[in-house]
Amino acid sequence: ALASAGEHLTELLASRRGRPMKRTAGESSLAVLPVVSLSVGRPQEALADAMTDALITELTLCRGLRVISRISSMVYKDRRMTLPDIAEELGVEWILVASIAKSGGEFRIAAQLVDAGSDENRWAHSYTRRCRNVLSMQSEVAAAIARDVNAAVLAREEASGISPPPGNQVAPINS
């Protein structure tokens, strides 16, 4: 059943290929690719998947930013494709790629925002946190990335002459 669901999703995505996501004035579209674990082991993979979820959740809170669903994004886990090809299949303008590594009690999350049209990084940042509570760390870093990505997208749109929707901001961090 799981294999047929995956096949159905692949067919659905293939039928979308080349069709841009609906866009309204001042709205951009983004896909968060599955976060890559740079540490070895199954628990680290689960941590990377949870970070993907946190990023999608936080970015969805950005007004004027349409974010592709987790189910559609996770299809690209362990798939070798160029970012422009993925963007074309999903119909998005931006792709967020990220990795997570753990060393002792420290985590490093690196994220890059890629302009799908030019395949160029438009923003990148690395976040290092020492933590005891992984869930709090994920929430904090995902919220910081969402704020930074939203600012980068808005700056790019303003430079292109596109007006952002009123009140475009990220919701505050949940404690």
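The values are calculated or read from the model by the stated rules, or taken from the named source; none is laboratory data. The structure displayed is predicted, hence computed values, not measured ones. FYI the Cβ positions are ideal-geometry reconstructions off the backbone, even for glycines, and counts take in every protein chain you see. Ligands, DNA and RNA are excluded from the accessible area calculation, which covers all protein heavy atoms including side chains. Shrake-Rupley method; radii C 1.70, N 1.55, O 1.52, S 1.80 Å.
Table for the structure above
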{"read-out": "Residues of segment 113-140 satisfying the condition of being open to solvent by 80 Å² or more (accessible area, probe 1.4 Å) and part of a strand (DSSP E or B)", "value": "Glu120, Asn121, Arg122, His125, Arg130"}
{"read-out": "Selection count, segment 141-162, where residues are farther than 26 Å from Gln44 by Cβ, surrounded by fewer than 19 Cβ atoms within 10 Å (Cβ to Cβ) and at pLDDT 90 or above", "value": "2"}
{"read-out": "Meets criteria (surrounded by fewer than 17 Cβ atoms within 10 Å (Cβ to Cβ), of a type outside the set (Val, Ile, Thr) and within 17 Å of the chain's Cα centre (by Cα)) for Glu106", "value": "no"}
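Conditions tested, residue by residue: (1) farther than 18 Å from Ala116 by Cα; (2) under 12 Å from the mean Cα position of the chain (by Cα).
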position: Asp49; (1), (2): yes, yes
position: Ala54; (1), (2): yes, yes
position: Leu59; (1), (2): no, yes
position: Leu65; (1), (2): no, yes
position: Ile68; (1), (2): no, yes
position: Thr82; (1), (2): no, no
position: Asp85; (1), (2): no, no
position: Glu88; (1), (2): no, no
